[in-house]
Amino acid sequence: MRFLIVLSAGLAPAPALSHATEGGLVLLLPTDLYIAGGVAAVVLTILLVTVLPDRFALALFRPVPLFRSRRRRAGAIPGLLSFLALAGLVGLGLLGARNPMENPLSLAVWSLFWIVLVLVQGLVFDLWRWIEPWGGPYAVLRRRFGLARLLRLPGWVGHWPALLSFAAFAAVLLAHPAPADPARLAAMVACYWAFHFALTLVFGPKWLRRGEGLTVLMRAYARMAPFGTARGRGRVGLHGWQVKAGRAPPATVAIFMVAMLAVGSYDGLNETFWWFGQLGWNPLEFPGRSAVVRENLAGLAAALILLPLVYAVAVAAGLALAREAARFGHAVRAFAPALLPIALAYHFAHYLPVILVEGQYMLAVANDPLDTGAHLLGLYHVHVTTSFFNTHDTVRRIFLAQAGAIVIGHALAIVLSHALAARLLDTPRKAAISQAPLAGFMVLYTLCGLWLLASPRGV
């Protein structure tokens, strides 16, 4: 059984990585767990598609009311504080430590934001709408100077700008030679914020909801959160109840959701020995990401194009079997949110070993952000350890958490898709038949996720 492979000596800083510790440790899912997870995914799919009554699937996503709540726009203060914090982090990126594992900006972007905050959005509640860093400054300027939008964002634009924005973010994450280098990251963050703030001034806050990729991503994952509001009351329910309670997303948002899945998968694929082999590199002699920038960009583009096409074919095949081909446009939009549990589960599984290490670095930096010897958290020494990767029991728990997350995300996606089909189509039989190809797509994707976790990976 495989537990741990060390592909580079120690945990030395690796600026070419988006996560500084990824070059030091690579965990491989044991083969027995990979097989067990795959079998469980297939069995669950067969049972859920063929046995699960429509009434039960719909009832699972019925939330419980908690308290009366009038959904209000997020106030300016949290967003303004978020902007000030971001500005401070950019300053530290330019002037602080060069080591990505010691610089607050690198850890804030690639660990706190991209791992922790994304998981909070999908697993707990919509935090991003309160702390996104554009709305607060815009609200202050609007109140102080009476700003109004200069142009109306055309409806035909849809959410394509957000998809391009997210693709640019993914390109930095997956193809940039040194995305964690503090100075370069500071420049990229500042330019990204300024670009979208300028367009917010032109088109108003609607730009953030339709043109800024990270906000659209966070709003999509927030639909999976158990805590939310509906019909004037705060509610809690099974992950995905807000998807079932809401309308089908616009077509460009549906494509965006599939793109989220594509980026997550390519994030794992481009580190595998198999991928290095396709590029003609010996993974043990790989010189670094700077040697494959074009290849990684091409792979990312292929994932963003091919996966939505495969998804659309699966939906079309199911509707053809159910003799409901005329509903294709609506079904493509309606079923896309059912992929979010798989994307979120793989995000958790893929980054679990990373955050277990980088979380310790975040604690150390929070204790002494300016590297002045301060002890803001009362901790006089934060010792970063990876010893839990060398213990059989703790490593097996990590593996079980990864495999369990993948299988649970798959099961939730199947049930949610079934509930959406039951709402869309006329009869239970048509709903079940229409889901067969899409369920097959989900099974293959879940097996792919398990294979990625089980595959040898390099830096």
Q: Stick to the Cα atoms of the chain, pair each with every other, and give me the Kirkwood hydrodynamic radius in Å at one decimal.
A: 23.2
**Q.** For the chain: accessible area per residue (Å², 1.4 Å)
**A.** 44
(Q) Accessible area of the chain with a 1.4 Å probe: how many percent of it is carbon plus sulfur? (A) 68
**Q.** Phe145-Leu297 FRET efficiency (beta carbon distance; Förster radius 56 Å; 0.05 resolution)
**A.** 0.85
Q) Which ³J(HN,Hα) values in Hz, rounded to whole numbers, follow from the phi angles of region 256-261 under the Karplus curve 6.51 cos²θ - 1.76 cosθ + 1.60, where θ = phi - 60° and Gly and Pro get x? A) 4, 4, 5, 5, 4, 5
Q: Kindly write out, for region 425-431 in residue order, the coupling ³J(HN,Hα) from the Karplus curve 6.51 cos²θ - 1.76 cosθ + 1.60 (θ = phi - 60°), rounded to whole Hz, with x marking Gly and Pro.
A: 9, 6, 10, x, 5, 5, 4
Q. Taking the Cβ of Arg429 as the center, what net charge do the other residues with Cβ under 14 Å away carry, scoring Lys and Arg +1 and Asp and Glu -1?
A. -1
Q. Considering amide H positions built from the backbone, and no H for Pro or chain starts, which residues 5 or more places from Arg457, or on another chain, come under 5 Å of its amide H?
A. Phe273
Q. How many nm is it between the label spots at Leu321 and Arg152, if each spot is 7 Å from the Cα in line with the beta carbon?
A. 4.5
Q. Once amide H atoms are placed 1.01 Å from N in the peptide plane, what residues at a sequence separation of 5 or more from Arg233, or on another chain, have their amide H within under 5 Å of its amide H?
A. Ser69
Q. Taking K and R as +1 and D and E as -1, what net charge do the other residues with C-beta under 13 Å from the C-beta of Leu279 add up to?
A. -1
Q. Using θ = phi - 60° and the Karplus curve 6.51 cos²θ - 1.76 cosθ + 1.60, what whole-Hz ³J(HN,Hα) does each residue of region 227-233 get, with Gly and Pro shown as x?
A. 9, x, 10, 7, 6, x, 9
Q. If you count, for each residue, the other Cβ atoms within 10 Å and average over each peptide, how do 197-203, 270-276 line up from highest to lowest?
A. 270-276, 197-203
Q: Quote the FRET efficiency, to the nearest 0.05, computed for Asp393 versus Leu66 with a Förster distance R0 of 45 Å and r equal to the Cβ-Cβ distance.
A: 0.75
Q. Using 13 Å as the cut-off for backbone N distance, which residues of region 316-343 belong to the label zone defined by a point 7 Å from the Cα of Asp426 along Cα→Cβ?
A. 322-327
(Q) Can you tally the net charge around Val384? Count Lys and Arg as +1, Asp and Glu as -1, for every other residue whose Cβ sits under 14 Å from the Cβ of Val384. (A) -3
**Q.** Cut-off under 5 Å, modelled amide H: who pairs with Ala180 long-range
**A.** Leu17
Q. For region 307-459, what is the per residue volume of the convex hull drawn over the alpha-carbon atoms, in cubic angstrom?
A. 165
Q: Rounded to the nearest Å, what's the spacing between the alpha carbon centres of region 252-288 and region 201-246? Just the number, please.
A: 28
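The values are calculated or read from the model by the stated rules, or taken from the named source; none is laboratory data. Just so we're clear, the structure is a prediction, and the values are computed from it rather than from any experiment. Heads up, the Cβs are rebuilt from the backbone with ideal geometry, glycines too, and the neighbour counts pull from every protein chain shown. When the accessible area is computed, the model is the full protein with side chains, heavy atoms only, and any ligands, DNA or RNA have been set aside. Shrake-Rupley method; radii C 1.70, N 1.55, O 1.52, S 1.80 Å.
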